[in-house]
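Input: a single structure, listed below in structure tokens.
We did not get these values from a lab; they are worked out from the coordinates using the rules stated. All values reported here derive from a predicted model rather than from experimental measurement. Please note: Cβ atoms are built from the backbone with ideal geometry, for glycine as well, and neighbour counts cover all protein chains shown.
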Amino acid sequence: MADRTPAPDTPELRARWGSFEWTKENRKRADYHIAKYPDGRQKSAVMPLLDLAQRQVGEETETQGWLPLPVIEYVAKYIDVPVIRVLEVATFYFMYNMKPVGKYHVQVCGTTPCMLRGSDDIISACKKRGMEFGKVSEDGLWTLTEVECMGNCATAPMVQINDDNYEDLTPERLDTVLDALAKGEQPKTGTQEPGRHTSEPANALSNLTDMVDANHDYRGEW
Amino acid sequence: MPKVTVDGEEIEVPEGATVLQAAELAGKEIPRFCYHERLSIAGNCRMCLVEVKPGPPKPQASCALPTSEGQEIRTDTPMVKKAREGVMEFLLINHPLDCPICDQGGECDLQDQAVAYGRGGSRYERENKRAVTEKYMGPLIKTIMTRCIHCTRCVRFSEEVAGVDEIGALYRGEDMQITTYLEQAASHELSANVIDLCPVGALTSRPYAFEARPWELKRTLSIDVSDAIGANISLHSKGREVMRALPRVNDDVNEEWLSDKGRYQVDGLTKRRLDKVFMRKRGKLAEASWDEAFKAIAKQLKGAPSSIAAVAGDMVDCETMFAAKALLKASGSDLTEARQTGMTYNVSNIAAVNFNSTLAGIETADCILIVGSHVRWEAALLNARLRKAVKGGATVFVVGPEWETTYPATFLGNDLSVLNRVPKALGDAMKAAERPAVILGGAALAKGALAPALKLADKFKLVRDDWNGFNVLHMSAARMGSLMLDFTVPSGMADIAKAAPKVVLSLAADEMNHEPFADSLKVYIGHHGDKGAHMADIILPAASYAEKAGTYVNTEGRVQFAEKAVFAPGDAREDWTILRALADALKVNVGFDSFAELQAKMIAEVPALGEEGLADYGVLPKADSKAKAEGLIESYPIADFYLTNPIARASAVMQQCSAELLHGEDVREAAE
């Protein structure tokens, strides 16, 4: 499991992030999220706000972004919630990065379906390129994390890089994707299987065949 | 009211009761860790699993399941037994086997329930135990987080009861850790209650660490004297030393909480004690004998036997005050005063200076005006009640300097004249309220705000059918007792000073001003070498609250009796015996020779002191329509929550709390 401890509270961290504030657009977005909840329930917006903060940090550092303690404190103050409650949320969800990450946060799914379909090879392919779990690579481009199921079991194995999924991977296909990213190009997202569109059956339809043309009620046949 | 059957026995349960409560009503014990009567339901320990029909064919967490009509609850089936064994086995996977060195040993829920409901062995013996780094939570709470079973009682307590969100559960699943933000010390006045709540040894008492085992301790029922709430405590003593104070359950007074000061000042009982008679000889205090001391007092009074006054301190019991009063009466003096800091409010009607709503009743108030009281420091447990009232919909207004409330409150400034013409917001809220309340604190009493505040009783209609919303909040455990015993003179300490008595008996009065009594012989009858003893000419060592039986009356007029836990050190004697002996030396007759006789005489004079429970003070007096509130409340009487009385000032733990939590000194210890 990834190390979720927050980055240490050092004077340098305070100096760098102590003056964190929403940008003009993000303030608008933050207020939009808060306005979704009834009066007195502003604290319900804690998750979108943390995400927003992480993205803003990401823009400033040209990475996926992460949550330094002063930023967490800023969010807590913004919705008037004790900071420990916000820290609880931030440390609970894996989509919030508690430590700095590289420009591309490579999150490899290692849960059973992906594992059966070869996620171990994907991980070794990543490691071969110099990535290490929980570390930012020397060129500042990569951070590798193993995550739990991302819900792409039909197109396993998969990795999620920042906001995009890359599915149906083999070590070679992964290399192509990563090479493109390293060059600053945007590779095709989604399945990497030639000819496959999204998560439709890879070969011929094997079950629910009666549903192809029209809706079919199977209940009587069970 | 739904009818349910518990193990075949049909019972009726209150609407909204949970299955766990229903089982308890039927007399079935349900093991639990996370469920606590006074906290919200979390349902995360899974220890309370039972079988319920109708419902899914699997064990259900009874603490979080509401009862419904016709439910069939079973707590004795093989499924339940197996479920409990399974949960216990899981809990013990990560729980260390350090019971022999754990302070919770002997009073540990996990230990007890593992014996009662566990399977006696584990199938996870080769599993590595989880390692959790130690967390710092301040000078009172010692943490050993590997023992934590993630019940989150401490988190819920600090959020819900204390109202200070400082403890949280970080990370998730097996990695979950209980901590404060950046491991700052827990710093509210009720913080140590999480130690009692913790069902395992994860949060234990730091000052009490490795001091004693629960089965070695003698438990004595006592009353906390650190404030005027009169929290019910039990003093746990080993030999001649009080090892710790724990709260007792009393829903009318302290529920089951205790302020940190009441809990941790007990280590002061063994420090800076007066255990010998001292007399001032050539400007220096020197050891003396009782005889010498008594003779000196008698000599001073020669020719003017009635020139004697008595001032009572904040932690004195009623019996001591009565004995002193009897002694003075026999000598022909009536110079007795308990308001040692010089307050002079009118005490002709005690109902006007009583907390009439009662501590439990104030929870039901819907609009509360606090005048001149830092409630958090003056009565931490009342503050928890006020928080409950606010959670129930009450609005709170405060007149006085701002302090950090644990609930939303509107501060109306320092100027007492707002009582004459109340702001519209307050007036409207009070008008709309069904159970309005005013709480008058020490800072307001000192500014003479009692009479104008009484006018509010009419204005806001504070007194209604079965509701009296006029409250005075005292800070001294002795105050209401002294008023019931009529231990006061109209102009307070000024009257005593004007009389220029030849002898001033100070009954552990450490906050009084000694300057006006430069020419008097100052006799200090007390237990700690504090301010009073420094000024004294003669010191007669006496007993603290733990070392004598006595009657105390709390700020709501509740008469409570405390028992003697240990013997006083050295030559120190129980206060009444000293006064009785002094009566002989002064050749007067006080009319009692034993504690029982003294008590009987006191009860004969003030019958209310003989009955435990709320005393009846009658109705509020008519307000003086000419009374005007004026003046600014510049500060509250308590400057340092942890150091308000001689015992607390002698306590190393309270000193450390004061230094670290209030004055921000970094005295953090290295991780153990």
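Expressed in units of 2.2 N^0.38 Å, where N is the residue count, the Cα radius of gyration of the stretch B:422-492 is 1.28. In summary, the lysines within cross-link reach of B:LYS461, defined as a Cα separation below 16 angstrom excluding same-chain residues under 8 places away, comprise B:LYS431, B:LYS622. Counting Cβ atoms of other protein chains within 10 Å of each residue's Cβ and taking the mean over peptide B:181-190 gives 2. Each semi-axis of the equivalent ellipsoid for the stretch B:103-198 is √(5λ) with λ an eigenvalue of the Cα gyration tensor; in descending order they amount to 26, 16, 12 Å.
Across chain A, Cα pairs under 8 Å and at least six residues apart give a relative contact order of 15 percent. Axis angle, to the nearest 10 degrees, between helix B:318-331 and the longest C-alpha principal axis of chain B: 10 degrees. For chain A, the antiparallel share of DSSP beta bridges with both residues in that region comes to about 45%. Averaged over the residues of peptide B:150-162, the number of Cβ atoms from other protein chains lying within 10 Å of each residue's Cβ is 1.
Beta carbons within 10 angstrom, averaged per residue: use that to sort the peptides B:327-334, B:370-377, A:106-113, highest first. Can you show the working numbers first?
On the way: B:327-334: 18.6, B:370-377: 26.8, A:106-113: 20.9.
Listed from highest to lowest mean packing, they are B:370-377, A:106-113, B:327-334.
When the helices of chain B are scored as -39500 (n - 2.57) per DSSP H run of n ≥ 4 and the total is divided over every residue, the value at 222 nm lands at -6500 deg cm²/dmol. Listed cross-link partners A:LYS28/B:LYS391; B:LYS261/B:LYS284; B:LYS329/B:LYS548; B:LYS502/B:LYS628 are compared with a 28 Å cut-off, the Cα-Cα value being larger for A:LYS28/B:LYS391; B:LYS261/B:LYS284; B:LYS502/B:LYS628. Residue by residue along A:84-94, Cβ atoms of other protein chains within 10 Å of the local Cβ number 5 on average.
The DSSP beta bridges internal to chain B are antiparallel in roughly 55% of cases.
How much of the pair distance distribution for chain B lies past 32 Å, counting alpha-carbon pairs only, in percent? Write out the running numbers ahead of the final one.
On the way: 125311 of 225456 pairs.
Here the tail beyond 32 Å accounts for 56 percent of pairs.
Quick one: if you take sqrt(5λ) for each eigenvalue of the C-alpha gyration tensor of chain A, what semi-axes come out, biggest first, whole angstrom? Before the final figure, lay out each step's value.
Numbers: eigenvalues 257, 125, 46 Å².
Result for chain A: semi-axes of 36, 25, 15 Å.
How long are the three semi-axes of the equivalent ellipsoid for the protein assembly as shown, computed from the Cα gyration tensor as the root of 5 times each eigenvalue, in whole Å, largest first?
Value: 63, 30, 29 Å, ordered largest first.
For a straight C-alpha distance cut-off of 20 angstrom, the lysines reachable from B:LYS81 (same-chain residues fewer than eight places away being disregarded) are B:LYS28, B:LYS53, B:LYS58. Bridging of A:LYS128 to lysines at a Cα separation below 30 Å is possible for A:LYS99, A:LYS103, A:LYS183, A:LYS188, once same-chain residues fewer than 8 apart are set aside.
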